[in-house]
Every structure is written in C-alpha cells, then in structure tokens.
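Visitor: Below you will find the structure I want to go over with you.
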Amino acid sequence: MDVVHLNQKQLAARWHLSKATLERWRSEGLEPKFLKLCGRVIYRQIDIKAYEESCLATSTKTVAAPVGAG
C-alpha cells in the first residue's frame, strides 16, 4: 500500500496558501489532519483529499466557509 505524504511547503503550494496559514491552522486544531514525526510535519494525501471533499459546494448561497478560511 502506497501512502503519499506532502510536507507543509508542498501543501501550501497546492492550495496557494502561506506556510504560516497552515501553521496557524495546526496551532488552532483546525483541519486538515497532520502527522508530526521526528519533528517534521507531514500531511497524508488521504486526509488532504478528505478535507478538500468536505469543502466542495454546488452554490455560493449554501456553502459555509471551510474551517480555517478567512
């Protein structure tokens, strides 16, 4: 089984966010889930996709802002 991970820099680039935003989300306990191994923060691809799925919307009238957005 291949589990793909992204580091903070890679995820920030994927979502066009700053690394500081991801750091703030982690400190506030917001999604996406992450692993901290040997002092390194990594994100599992499965958790990234689950978070992206939770942010899907079909209308701007019914969508709530994703956790951490702002």
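What follows draws every value from the coordinates through simple rules; no lab data is involved. Bear in mind the structure is a predicted one, so any value in this text is a computation, not a measurement. Every residue, glycine as well, gets a Cβ built from its backbone with ideal geometry; the counts of neighbours run over all protein chains shown.
Visitor: Please identify the pairs in which a residue from the range 1-28 that is free of Cβ contacts under 8 Å to residues at least 60 places away in the same chain has its Cβ atom under 6 Å from the Cβ atom of a residue that is surrounded by 13 or more Cβ atoms within 10 Å (Cβ to Cβ) and of a type in the set (Val, Ile, Thr), counting only partners at least 6 apart or on another chain.
Guide: Close Cβ pairs satisfying both conditions: HIS5/ILE42; ASN7/ILE42; GLN8/VAL41.
Visitor: Same structure again: When you scan the range 1-22, how many residues do you find that are among the charged types (D, E, K, R) and not in a helix (DSSP H, G or I)?
Guide: Of the residues in that region, 1 qualify.
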